[in-house]
Amino acid sequence: MWQPKFAHTLKKSTFLSGMNCERRMWWEIHDKGCEEMRIDLTTQLLFDQGNEVGELARGQFPGGLLIRRDKGNFVSSFANSRAAIADRNVSVIYEAGFVALDTMIFADILVRGPDGFTLIEVKQGTSATAEHRYDLALQAVIMREAGVPITRFELMHLNRECRYPDLSNLFVRDDLTKEVEELIPAVELALDHLLPVAKRNNVPLAQLGARCTAPRECAFIARCWPTVDADHIRYLYRLNKDKAVSFEKAGVSRIQDLPDDLMLGAVPARQRRCLREGEIFVEKEALVGALLNIVHPVAHIDFETVMFAIPRWNGCRPYDNIPVQMSAHVVDADGNATHHSWIAQDSGDPRLAIGPAIVKACDGVSTVTAYNASFEKRCIELVADACPEIAPRLREIAEGIVDLLPMVRDNLYHREFRGSFSLKRVLPALVPEMTYEGLEISEGQTASAQLMAMLYRQNTMSTEERTKMEHALLAYCERDTEAMIALTSKLRQLAQ
Ligand code: SF4
C-alpha cells in the first residue's frame with residue numbers, strides 16, 4: 001500500500017479533483033512531478049494574483065493573526081492554528097491549518113463569534129460555483145472533526161461591477177451556510193470513497209466524458225483521450241464530451257456516419273456533409289455575399305491583452321482584457337500591405353497611447369476586420385473609455401469591425417478544422433504555408449503571460465531579455481494579422 005509523505009493523504013485540491021475524476025486525483029498525488037503539473041508562467045501569474053487577492057481580502061478583517069506555513073512542513077502551522085483557536089483573545093485567524101480524517105485543509109479567514117467561527121473562503125473568481133461549495137463543505141467536515149465549531153460559511157469573491165479607483169466594493173460576500181450544511185453528508189461519503197482510492201498503487205480507469213473539460217480542461221487529457229482522425233465524432237462542432245462518448249458507445253465514431261434523420265445545426269450539418277463528400281466544402285454563393293463586406297483598403301487588426309484580478313486603471317473592472325499590444329496590416333486594392341504595430345513600454349495605463357495608434361492604423365480604411373471580433377470590439381471600447389477625445393472614432397471602428405470567424409464558420413468546412421474555428425486550427429488547414437512555427441511565441445495565452453511579466457513584474461527580466469521578448473511578441477502579433485491577409489485571400493479564391 002502506498003504511504004503518504006506527510007501525515008495526510010488528501011488535501012483540498014486533490015479532494016476536489018477526486019470529486020470530478022478519481023484518475024485525475026490519483027495522478028495529482030502519485031505523479032506530482034509530471035510535465036502536466038509543471039507550473040508555467042501563466043499558472044504562476046494566476047497564483048500571484050490569487051495571493052494579492054487573498055491579502056486584500058484579509059485587509060477587510062484587520063487585526064487578525066496570520067498562521068505562517070513552512071514549505072513542506074505543516075506541523076508547526078497545525079499547532080499554531082490549534083493554539084489560536086483556543087485563545088479567545090484572537091478574534092480573526094488567517095490561513096489556519098487543520099488535519100483530520102487523513103485530509104489537510106487551510107482556512108482563508110476565520111472570524112470568531114459568540115458560538116463559533118465564521119469561515120470565509122476567498123476566491124479570485126467573480127461568482128460562487130459548485131466547486132466552491134464543495135470546497136467549503138470539505139473544510140467544514142475537517143474542521144469540525146478537528147473540534148473547531150463553525151457556525152457560518154461565506155464565499156468572498158471579486159465583484160465584476162467594481163471599477164477602479166473605487167475599490168470599496170471589490171469583494172462580494174455570499175452566505176452559503178445552508179447549501180454547505182446540506183452538502184456535508186455527500187462530502188463525508190466522498191471522503192470515505194476517495195481516501196482508499198488515493199492510497200491504491202494502481203491508477204483508476206479513465207471515465208471519459210464532460211468531466212474532462214469542465215469545469216476546466218483536465219491537464220491529463222492527452223493521457224486519457226486517444227489520438228483520433230479528423231472525422232471522429234469527438235470533433236462534431238460544439239458536441240458535449242458526454243454526448244461524444246455515448247455516440248461511440250452506440251457504435252457511431254465518425255461524423256459522416258451520423259444518420260441523415262439526426263437533426264443537426266447548420267454548422268455540424270455542413271461538417272457531416274463535408275466529411276461525406278471530401279476534404280473541403282464551400283457554400284460559394286453565401287461566401288461571395290459575405291466577402292462583399294470587405295472593401296479595400298482594409299485593416300486587419302489584432303490585440304494582445306493583459307487581465308488583472310484587481311483593476312489598476314480608471315474605469316477598469318476585475319478581469320477586463322486591456323490591450324497592451326496591437327498589430328494592424330492595411331491592404332489596398334492592389335494587395336499592397338502596410339504594417340502598423342504598437343506595444344506598451346511601461347506599466348502605465350496602455351489605453352492612453354494605444355487609442356491614437358488604433359485610430360492612426362485605421363485612418364482612411366473602408367473596412368476593419370478581426371478574427372473573433374467580439375474580443376477586439378470589447379478591447380477598443382475599453383480604450384475609448386479612457387480616451388474621450390477620440391472615443392467617437394474608436395467606437396465607430398469597433399462597431400464596424402467585420403468578423404472573419406463567422407465568415408469561415410458559416411460558409412465552409414475543412415476536415416482538418418476538427419470542429420474548431422479558431423485561427424490556429426483554420427489557418428493550417430486553409431493556408432498551410434502560413435504557420436506559427438519558428439516563432440518564439442506561438443499562442444495567445446503565452447503572449448499574455450509574457451506581457452504581464454515584461455510590463456508589470458518588476459526586475460524579472462534583464463534589458464537584453466526584455467528586448468528579446470519584445471521582438472518575440474511583436475513577431476507573434478504581426479503573424480496574426482499576416483494570417484488574416486492570407487486567410488482573406490484564400491476565402492476569395494474559394495469563392496470563385
Ligand atoms: S482526462 Fe478525463 S478521465 Fe482522464 S484524468 Fe482527466 S478528467 Fe479523468
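Read-outs: derived from the displayed coordinates by stated rules, not from any lab. Note that the structure is a prediction, hence the values are computed from the model and not measured. A quick note on method: Cβ atoms are made from the backbone with ideal geometry, for glycine too, and the neighbour counts reach across all protein chains shown.
Kindly provide the helix-only [θ] at 222 nm of the chain, computed as the sum of -39,500 (n - 2.57) over DSSP H runs of four or more divided by all residues, to the nearest 500 deg cm²/dmol?
Values: 17 runs with 215 residues, N = 496.
When only DSSP H runs of four or more count, the value is -13500 deg cm²/dmol.
Between amide H atoms placed 1.01 Å from N, distances below 5 Å from Val306 occur with Ile322, Val324, all of them 5 or more places distant or on a separate chain. Across the stretch 289-494, the mean sequence separation of Cα contacts (distance under 8 Å, 6 or more residues apart), normalised by length, yields a relative contact order of 23 percent. If both residues of a DSSP beta bridge must be in the chain, then about 75% of such bridges are antiparallel.
Between Leu189 and Ala214, how high is the FRET efficiency from 1/(1 + (r/R0)^6) when r is the Cβ-Cβ distance and R₀ = 25 Å? Nearest 0.05. Plugging the Cβ-Cβ distance into 1/(1 + (r/R0)^6) gives 0.65. Which links in Lys12/Lys32; Lys71/Lys178; Lys241/Lys377; Lys11/Lys123; Lys11/Lys32; Lys12/Lys178 stretch past 23 Å when you go from one Cα to the other? From Lys12/Lys32; Lys71/Lys178; Lys241/Lys377; Lys11/Lys123; Lys11/Lys32; Lys12/Lys178, over 23 Å: Lys71/Lys178; Lys241/Lys377. Based on alpha-carbon centroids, what's the gap between the stretch 72-140 and the stretch 452-496 in Å, whole number please? The two parts, judged by their Cα centres, are 44 Å apart.
Take each peptide in 151-163, 268-280, count the other Cβ atoms within 10 Å of every residue, and average; sorted highest first, the result is 151-163, 268-280. Restricting attention to the stretch 289-494, close to 75% of DSSP beta bridges with both partner residues there are antiparallel. Taken along the Cα-to-beta-carbon direction at a fixed 7 Å, the label points for Val111 and Glu433 span 6.5 nm. Between Arg378 and Ser13, the contour length at 0.36 nm per residue exceeds the alpha carbon distance by 128.0 nm.
Normalised by the number of residues in the chain, the mean separation of alpha-carbon contacts (under 8 Å, six or more apart) gives a relative contact order of 13 percent.
With a simple spin-label model that places each label point 7 Å from the Cα along the Cα-to-Cβ direction, the separation between Thr463 and Ser420 comes to 4.0 nm. Inter-part distance, the stretch 161-193 to the stretch 388-438, computed on C-alpha centroids, equals 38 Å. Full extension of the chain between Arg273 and Asp334 yields a length gain of 18.4 nm, computed as 0.36 nm times the residue separation minus the alpha carbon distance. A straight Cα-to-Cα reach below 22 Å connects Lys284 with the lysines Lys490, residues fewer than 8 places away in its own chain not being considered.
Which shape class, rounded, prolate or oblate, goes with the stretch 269-346 when its Cα gyration tensor gives a ≥ b ≥ c as root eigenvalues, a/c under 1.5 marks rounded, and past that a/b bigger than b/c marks prolate?
Numbers: a/c = 3.23, a/b = 1.62, b/c = 1.99.
Oblate.
Between Ala206 and His471, the simple label model (points 7 Å from Cα in the Cβ direction) yields a spacing of 4.1 nm.
How many percent of DSSP beta bridges within the stretch 10-199 run antiparallel, rounded to 5? Antiparallel bridges: around 65 percent, rounded to the nearest 5. Each peptide in 193-202, 94-103 was scored by the mean count of other Cβ atoms within 10 Å over its residues; highest first, the order is 94-103, 193-202. Highest mean first, the peptides 31-39, 379-387, 421-429, 167-175 sorted by other C-beta atoms within 10 Å per residue fall in the order 379-387, 421-429, 167-175, 31-39. Relative intensity of the stretch 10-199 on a log10 scale, I(q)/I(0) at q = 0.12, 0.14 Å⁻¹, equals -0.61, -0.85, per a Debye sum over C-alpha point scatterers of equal strength in the absence of solvent.
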